[in-house]
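The values are calculated or read from the model by the stated rules, or taken from the named source; none is laboratory data. Only a predicted model underlies this, so the values are computations on that prediction, with no experimental measurement involved. Neighbour counts are summed over all protein chains in view; Cβ atoms, including those assigned to glycine, are modelled from backbone coordinates with ideal geometry. Note: accessible area is taken over every heavy atom of the protein model, side chains too, but ligands, DNA and RNA are not part of it. Shrake-Rupley method; radii C 1.70, N 1.55, O 1.52, S 1.80 Å.
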Amino acid sequence: MDCTLHRHLLEAYLDGELGFERSLEVEAHLASCPICSSEVQSWTNIRAALKEPELYHRAPAHLEAKLRKLLPQAQTQKTPWFQRSIWALGGAAFATSALLISFVIMRPAAPSPDQDIVVSHIRSLMSDHLMDVVSTDQHTVKPWFDGKLDFAPPVQDFVADGYPLAGGRLDYLDNRKVAVLIYHRALHIVNVYVWPAQDNGSSAIDTQTINGYNVVSWRKNGFEFRAVSDLNAAELRDLARLFMP
């Protein structure tokens with residue numbers, strides 16, 4: 001896909017798994033993106049085709065005769081109802097299986113969570129929705145999240161270390177709201193995603209590069225953190241260490 005809307009959202013939209021606000025966002029995107037609109041229409045057509053009654057046919061007589069020869073005589077006598085079901089459904093199963101195999105082959109692999117985060121980072125830079133609250137004061141940004149999330153993200157300003165806080169916003173990852181803290185480093189923008197971890201443990205800092213963007217991951221004090229930027233990996237890790245005194 002050439003646009004910044006990640007495929008996971010399109011699949012969730014097709015399956016009716018998105019909430020009202022997210023569905024409106026996807027529909028607005030489809031109205032302006034012919035690539036995604038065409039893809040959604042293609043999958044809609046495939047799903048409709050799988051329900052066509054013309055797919056269900058009785059197996060040809062010569063196929064039934066051939067299959068009867070392959071079955072042991074004893075089995076033929078014991079389970080005639082089962083064999084009749086095979087003959088009746090054989091053609092339908094074959095046609096449906098062919099379409100399902102095509103569906104599986106054509107269906108792309110789901111993106112990883114960190115790939116979704118990179119897409120979210122890119123989308124925030126392109127959609128003019130980088131920040132919901134603009135402030136360099138952590139005592140302004142932190143209270144802004146109150147009532148908008150079911151957790152209180154740790155908000156800190158690192159201006160003395162060369163990473164000034166610029167603001168924050170809400171975002172969605174894996175169908176849940178997350179906090180995003182925005183920092184600057186020279187001309188670079190850093191998105192730091194924060195959400196509750198499964199435990200209160202800590203983890204070492206991990207670094208990977210996805211589509212040219214560096215993603216630094218760590219866990220601290222019951223929170224998962226992901227910092228994403230085109231900033232070099234060494235300086236991005238330095239920012240992560242400031243969250244881990």
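Between residues in region 30-51 that are farther than 14 Å from D15 by Cβ and among the charged types (D, E, K, R) and residues that are open to solvent by 40 Å² or more (accessible area, probe 1.4 Å) and part of a helix (DSSP H, G or I), which pairs lie under 9 Å by C-beta distance while being six or more apart or on different chains?
From region 30-51, the pairs are E39/R7.
Collect the residues in region 171-205 that are open to solvent by 40 Å² or more (accessible area, probe 1.4 Å) and among the polar types (S, T, N, Q), keeping them in residue-number order. Outline the logic, then answer.
Just the residues of region 171-205 that are open to solvent by 40 Å² or more (accessible area, probe 1.4 Å), to begin with: 172, 174-177, 184-189, 195-196, 198-200, 202, 204-205.
Residues satisfying the conditions are N175, Q198, N200, S202.
If the Cβ limit is 8 Å and pairs must be 6+ apart or interchain, which residue in region 154-165 that is in contact (Cβ under 8 Å) with a residue 40 or more places away in the chain and closer than 23 Å to N200 by Cα pairs with which residue that is in a loop (DSSP other than H, G, I, E, B) and open to solvent by less than 40 Å² (accessible area, probe 1.4 Å)?
P154/F243; Q156/F243
If the Cβ limit is 6 Å and pairs must be 6+ apart or interchain, which residue in region 225-245 that is more than 18 Å from D171 (Cβ to Cβ) and in contact (Cβ under 8 Å) with a residue 24 or more places away in the chain pairs with which residue that is surrounded by fewer than 18 Cβ atoms within 10 Å (Cβ to Cβ) and among the hydroxyl-bearing types (S, T, Y)?
Taking only residues 6 or more apart or on different chains, the pairs are A233/T207.
In region 106-119, is there at least one residue being part of a helix (DSSP H, G or I) and modelled with pLDDT under 70? Even if it seems obvious, please write down each step before you answer.
First, the residues of region 106-119 that are part of a helix (DSSP H, G or I): 106, 113-119.
Okay, now just the ones that are also modelled with pLDDT under 70, so 106.
Yes.
Which one of the conditions (1) closer than 30 Å to A28 by Cβ; (2) not charged (D, E, K, R); (3) not in a loop (DSSP other than H, G, I, E, B) does A160 fail to meet, given that it meets all the rest?
(1)
Which of the residues that make up region 158-170 are crowded, with 19+ Cβ neighbours inside 10 Å and either modelled with pLDDT of 95 or more or of a type outside the set (G, A, S) (or both)?
Y163, L165, R169
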